[in-house]
Every structure is written in C-alpha cells, then in structure tokens.
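To start, the structure itself, in structure tokens.
The values are calculated or read from the model by the stated rules, or taken from the named source; none is laboratory data. These numbers were taken from a predicted model, which means no experiment stands behind them. Every residue, glycine as well, gets a Cβ built from its backbone with ideal geometry; the counts of neighbours run over all protein chains shown.
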Amino acid sequence: MLFKESISAMTYEGKFDVLLDKVDGVLKLLALQTVSGKKTGEAVAILGRAGLGRRAIAEVLNTTQDSVRG
C-alpha cells in the first residue's frame, strides 16, 4: 500500500477515521484537478453540480464560505 500505516492496534472507529481522512484527501485532489485553470465562479458551479457544499467548495478553492455563492 502507498501510505501503509500501523493500524493493527487501532480500534474499528480509529481505522474508519483513517479511511475517511484518506478518502477526503483523494476527493480534494480530484476536485482540485477538475477545476484547475478555471475561474472561481466556474469552479464553484462545477463543484456545486458535483454535490459539494459551500464549506467543501471553499476549502478546495482556499477561500471563505461567504465568497462561495450557490
């Protein structure tokens, strides 16, 4: 595995949290790649259509939720 961690001693919840963090990271990378080179308004629209909420869009675009209109 690419990012193998010592998780054998972790609880089920701990393992699940690690998995969610990794999935979240992959989703952010995909979102960034999808909107690379796009203007902010267009990027917001694309990510919104993909189902991301204002908070997630703001995080991906490194901006505030107030600047994300949807």
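Contact list please: Cβ distance under 6 Å, first residue in the stretch 44-66 and more than 20 Å from residue 23 (Cα to Cα), second residue loosely packed, with under 13 Cβ neighbours inside 10 Å, pairs at least six apart or on different chains.
65/55
Suppose we filter the stretch 13-27 for residues that are surrounded by 12 or more Cβ atoms within 10 Å (Cβ to Cβ), at pLDDT below 90 and of a type outside the set (Lys, Arg); how many remain?
Residues meeting the conditions: 1.
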